[in-house]
Amino acid sequence: MNDMTPTREQRTAALEGMGCKRKRVEDIRFTQGKGNYVDDVKLPGMLHGDFVRSPHAHARVKAIKTEEALKVPGVLAVITAETLKTVNLAWMPTLAGDVQMVLADGKVLFQNQEVAFVVATDRYAADDGINKVEVEYEPLPPLVDPFKAMDHNAPVLREDLAGKTTGAHGPRKHHNHIFEWTVGDKDLTDAAFRRAEVTIKEMISYHRTHPSPLETCQCVCSFDKVKGELTIWGTFQAPHVIRTVVSLIAKLPEQKIHVIAPDIGGGFGNKVGAYPGYICAAVASIVTGKPVKWVEDRIENLTATSFARDYHMTTEIAATKEGKVTGLRVHVLADHGAFDACADPSKWPAGFFNIVTGSYDFPTAHLTVDGVYTNKAPGGVAYRCSFRVTEAAYCIERAMDILAQKLGMDPAELRLKNFIKPEQFPYHSALGWEYDSGDYHTAMRKMMETTDYAALRKEQADKRAAFKRGETREIMGLGVSFFTEIVGAGPSKNCDILGIAMFDSCEIRMHPTGAGIARMGTKSQGQGHETTWAQIIATEIGIPADNIMVEEGNTDTAPYGLGTYGSRSTPVAGAAIAMAARKIKAKAQMIAAYKLEVHEDDLEFDIDGFRVKGLPEKFMSMKDICWAAYNSVPPGMEPGLEAVSYYDPPNMTYPFGAYLCVMDIDVDTGVYKVRRFYALDDCGTRINPMIIEGQVHGGLTEAFAIAMGQEIRYDDTGNVVTGSFMDFFMPTMVETPHWETDFTVTPSPHHPIGAKGVGESPNVGGVPAFSNAVNDAFSFLGSTHIQMPHDFWRNWKAAKTLGAVA
Amino acid sequence: MIPGPFSYHRPATLAGAVKLLADLGDDARPLAGGHSLVPMMKLRLATPTHLVDLHGVADLKGISRDGDTIVIGAMTTQHELLTSGDIRQSLPILQEAAALIADPQVRYLGTIGGNVANGDPGNDMPALMIVLGANFRLSGPGGEREVAASEFYQGAYFTALEPGEILTSISIPVPPAGHGYAYEKLKRKVGDYATAAAAVVLTMAGGKVATCAIGLTNLHETPLLATDAANAAIGSNLDAATLKQAASAAEAIMAPAADARGPVEYRKHVGGIMVMRALQRAAGRAA
């Protein structure tokens, strides 16, 4: 070998494969303002639609007068429920097995509900038209408090369900009841509580919040009357599912529907479901024969499309005096708003909330979830978390702190004592999951050592003494959180959406010059798929990542997939990518064997090509194999080099992590400062450490927002009082704390590359860390649990209630 | 979030602007930085049929010194206040407050005239104007007149401005050399209005407060001058008891609305805390 021959390290580095902090290729266009978003789609003759919305939370719609609106210059049509009934689209099915009004049909059930759709030649005319639509309402008593939903005299919200004692998920107990979902062994759990030496019980609420992506929900629908084809550009996290749903409800042949999700400005669960705007824009295009654009504004997004959480979790733990947990009992009252439009796998009305046993070895547990209707917006989406997993993590992590407090134990010590041990994996939880892998003790101890946890506890003790002596008005809290996520929905044995198994897919096509294109059923909304997917392929087949173009979001070209949410892309599509790449590699090996005139078994893969075992100079690069695939394949072999893989995962993946938040709170104003935040994540094999770090930063920032103030709050009459970014807490870089990230690596044993999801872990683990920090700060004054969000005035209120402020 | 139709006018002179507003009547609104009016228009809470943009009127711009008075043109932006040497030297409290208004992008466009003339109780500058004893020069169809800042605010969004009148400039007497000042603003995040804020300008003599004025922001439908609180501070060395007394006196005149920033009780309580902290910080700065 001469000096010019690259070393093995250089050849590996040239691929920019897995483990490389490869810069995000999509950022070249994003940072230059050259992204292509839905609102950038401008078609000749395109019309604009916008909604008349209800000012009332609950009212009968007596009349809708559209004559004046139709006189506004530029206004072409006003669509109402009556119009939609002519095409049988006044109501639409939800992903949760319920139905939802597309436009108000007889009554409205939440503030800002869609009442009429005004179609005009431009956005201004549409809004002028909205102001001329006269709607006559007869206000009805609003139901805002979910705890009153099943009172015997509670107002009837869903008249369409009158007499229906069974819903999509079993019996309904009350006219405002949606479902009851029960998991676990009740008798065994009750027995554990009867025998328990120590128990705790607390109603832990996770307030209503909203994913609020920077880009709101929007679409452009264009119906070609001649071809009978409908093209939809939309902000879709799951474009194929949207195509199937549109086909089923609009009765259009699926091959005549083209769904294109271009660049997406954040999703966070907000863009999984189907909204009235999509249906109305499609109908408007069919009616007018022109393309129709619908773009939500911020207030509409916050108040009408898919909130998250609103879970009220009465939680009990049974334990021994020594702090060994013996049982868990949880009842959830779930506020779903006016329609059950949760975006969960179809058989999971409360998502994967049964991960609520967390990282702990509970011998028995029992869970009941009651879903109820209220006069609030529908939704209940997984806002940067797998389905209801952040609720579950918050529930158990708060409860473990409450138990530690009751036992007089350190919260970290209590967790270490109850963790599932490394040798117990695969671990079968009391509520039915098989945890694939984990090493919780190592992660927790690394967190404690890196942050010098013991010294922080000592400092806290000193500060508490100083506070009691009147020397400071500041209190200090340490928020410990240890979470286990369940991501990668999911195995066909337990996950589907409307009957479609939750597999995902990849198609790779190599070109003669050693380059290629890869398409997936997922859809990046900022996760960096164009970068990381190419890295998996680079390592698997030895072609530089820069030579692989990744394309997602076009249902005409991409293989069918279930989309990107619930941290499923890497666990499911990531696996499909590796499997498709391995098919490419297998064919490449046959071609190389033919060209090198040896048997396939005599070859070994070596970074970027195949080498004859024991004869290092006999080597054929993947680049050359690509060329050969198009001109000199072995006799009988088809030319070309491409592969498709549809991956049905055998199990979920279970990322975990250990977080610590150090917070100081000024009791006189309630103002907090996050002094330090340490996040250790274990997501198995790390594809791009820089992107993981970015994901963790983003997820922690959203967790910080939610725990410390981000709330969709309703007043007693059902008005949203936090419907804009003035009042809905969206932290800027000024408010956002500094993040310290760390990791351990416990690969998933069943995933082809050992990777687990990571995008949502920081939200799941972060919220309890912040809330536990606040609660820990106040605990020495006698409180056991303070509800989120922990904004300034509520912190002050807590201090005042506890006697720390006069 | 789409405004209704309106016509746009851009006069080049003050006289032209005044005439336009007089001719167009109640349906016209002057446009300064637009950071209050335009959002209101997007929500269609304000629906003027004519906007008279004042950006073309050169006479409304600039900061000058006239003896012991600083004169600030109404169209001076918050950013220009922050970069003015005259303001830094003579009215540093204006820079402290301006830096707490919204964010840099808003401060490049938002004007001091718009901030003081809109009558929004959440705006920061009005309380400072009262504390500093500023006078507002107004120009309208009936000619020019001066109104003291302390007489200007009548209610939320109601001011002494008559129909067709424009605020043209603000005159502020320069506080004595060695004065102490502080603007304490509690807000939830960058860009938010104050949950509570207090402005203090004082002088010290022999370790005691000699003169003192205290203003309060967003704690009432108008900015407040907390005279009793200031009187409590005068003559004291701002010991703990005096600070508490000043805070109580200030709280007694507060009447904030409950909103997402907190209930009335909280906003008054932190209003008192802002007064105490502003007094302490101002005293620490005084010569």
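The values are calculated or read from the model by the stated rules, or taken from the named source; none is laboratory data. Not measured: the values here are computed from a predicted model. Cβ placement follows ideal geometry from the backbone for every residue including glycine, while neighbour counts extend to all protein chains displayed. What goes into the accessible areas is simple: the full protein's heavy atoms, side chains included, and nothing from ligands, DNA or RNA. Shrake-Rupley method; radii C 1.70, N 1.55, O 1.52, S 1.80 Å.
Tabulated data for the structure shown
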{"item": "Estimated dipole of segment B:180-285 in Debye, rounded to 20 [Cβ of Lys and Arg +1, of Asp and Glu -1, Cα centre]", "result": "360"}
{"item": "Listed residue (A:Thr484, A:Gly49, A:Val372) projecting farthest to the positive dipole end of chain A, Cβ model", "result": "A:Val372"}
{"item": "Full-stretch length increase - A:Asn131, A:Thr166 - with 0.36 nm per residue and alpha-carbon distance subtracted", "result": "8.5 nm"}
{"item": "Under 11 Å, Cβ to Cβ, from A:Ala393 - net charge with Lys/Arg +1 and Asp/Glu -1", "result": "-2"}
{"item": "Whole-percent carbon and sulfur share, accessible surface of segment B:7-56, 1.4 Å", "result": "58"}
{"item": "Whole-angstrom gap from segment A:143-175 to segment A:214-260, using each part's C-alpha centre", "result": "33"}
{"item": "Accessible area (Å², per residue) of segment A:558-704, counting only protein heavy atoms and a probe of 1.4 Å", "result": "34"}
{"item": "R0 of 45 Å, Cβ-Cβ distance A:Arg29-A:Val721: FRET efficiency to nearest 0.05", "result": "0.70"}
{"item": "Dimensionless Rg/Rh of chain A - Kirkwood Rh, Rg from C-alpha atoms", "result": "0.99"}
{"item": "Probe 1.4 Å, accessible area per residue of segment A:165-270, Å²", "result": "39"}
{"item": "Among B:Ala156, B:Ala241, B:Ala232, residue whose mean-square fluctuation peaks in a GNM of chain B (springs only between Cα atoms under 10 Å)", "result": "B:Ala241"}
{"item": "Unit charges on C-beta of K, R, D, E only; dipole of segment B:7-56, Debye", "result": "160"}
{"item": "Positive minus negative residues near A:Gly521 (Lys, Arg vs Asp, Glu; Cβ under 14 Å)", "result": "-2"}
{"item": "Peptide A:668-674, shielding by other chains (average Cβ, 10 Å cutoff)", "result": "4"}
{"item": "DSSP-defined beta bridges in chain A - what % are antiparallel, rounded to 5", "result": "80"}
{"item": "Charge dipole of segment A:687-792 about the Cα centre (unit charges at C-beta), most positive-ward option of A:Pro789, A:His697, A:Val774", "result": "A:His697"}
{"item": "Extension reserve of the A:His331-A:Ala191 stretch, reckoned as 0.36 nm per residue once the Cα distance is removed", "result": "48.7 nm"}
{"item": "Peptides B:207-219, A:219-231, A:564-576 ordered by average Cβ neighbours within 10 Å, highest first", "result": "A:564-576, B:207-219, A:219-231"}
{"item": "Choice from B:Leu100, B:Leu43, B:Leu224 showing the highest fluctuation, given a GNM over chain B with Cα pairs closer than 10 Å", "result": "B:Leu43"}
{"item": "Rounded to 10°, Cα long-axis angle of helix B:14-24 versus longest principal axis of chain B", "result": "70"}
{"item": "Amide proton proximity set for B:Gln154, modelled H, under 5 Å, gap of 5+", "result": "B:Thr159, B:Ala160"}
{"item": "Accessible surface buried once A binds B (1.4 Å probe; total of both sides; Å²)", "result": "2200"}
{"item": "Of A:Lys446/A:Lys468; A:Lys65/B:Lys42; A:Lys21/B:Lys189; A:Lys107/A:Lys293, pairs whose Cα-Cα distance is over 28 Å", "result": "A:Lys446/A:Lys468; A:Lys21/B:Lys189"}
{"item": "Simple label model, 7 Å out from Cα along Cβ direction - A:Ser492 to A:His599, nm", "result": "3.6"}
{"item": "Set of aspartates and glutamates with alpha-carbon distance to A:Lys164 below 16 Å, sequence-local pairs under 8 removed", "result": "A:Asp98, A:Glu180, A:Asp340"}
{"item": "Unsatisfied cross-links (Cα-Cα over 32 Å) in the set A:Lys271/A:Lys406; A:Lys148/B:Lys187; A:Lys132/A:Lys271; B:Lys61/B:Lys244; A:Lys62/A:Lys173", "result": "A:Lys271/A:Lys406; A:Lys148/B:Lys187; B:Lys61/B:Lys244"}
{"item": "Reduction of at least 20 Å² in accessible surface, 1.4 Å probe, comparing all protein chains with the chain by itself, residues of segment A:118-143", "result": "A:Arg123, A:Tyr124, A:Asp127, A:Asp128, A:Asn131"}
{"item": "Spin-label model distance (nm) - A:Arg11 vs B:Ala148, 7 Å beyond Cα toward Cβ", "result": "8.8"}
{"item": "Candidates B:Met129, B:Met254, B:Met41: whichever shows maximal mean-square fluctuation once chain B is modelled as a Gaussian network with Cα springs under 10 Å", "result": "B:Met41"}
{"item": "Spatial separation of Cα centroids for segment A:662-731 and segment A:293-361, in angstrom", "result": "18"}
{"item": "Estimated [θ] at 222 nm from DSSP helical runs (n ≥ 4, -39500 (n - 2.57)) normalised by residues in chain A, nearest 500", "result": "-8500 deg cm²/dmol"}
{"item": "Between segment A:495-541 and segment B:144-176, the alpha-carbon center distance in angstrom", "result": "64"}
{"item": "Reach of A:Lys618 by Cα under 22 Å, taken over lysines that are not fewer than 8 positions away in the same chain", "result": "A:Lys585, A:Lys587, A:Lys595"}
{"item": "Full-stretch length increase - A:Thr320, A:Glu459 - with 0.36 nm per residue and alpha-carbon distance subtracted", "result": "47.1 nm"}
{"item": "Modelled label reach - B:Ala156, point 7 Å along Cα→Cβ, segment B:233-262 residues with backbone N closer than 14 Å", "result": "B:255-262"}
{"item": "Axial C-alpha extent at least 20 Å, average Kyte-Doolittle at least -0.5 - helices from chain A (DSSP)", "result": "A:389-407, A:575-596, A:689-708, A:761-779"}
{"item": "Charge sum, other residues only, whose C-beta stays under 12 Å from A:Arg676's C-beta, Lys/Arg counted +1 and Asp/Glu -1", "result": "-2"}
{"item": "Charged-residue dipole, Cβ positions (Lys, Arg, Asp, Glu), the protein assembly as shown about Cα centre, Debye nearest 20", "result": "780"}
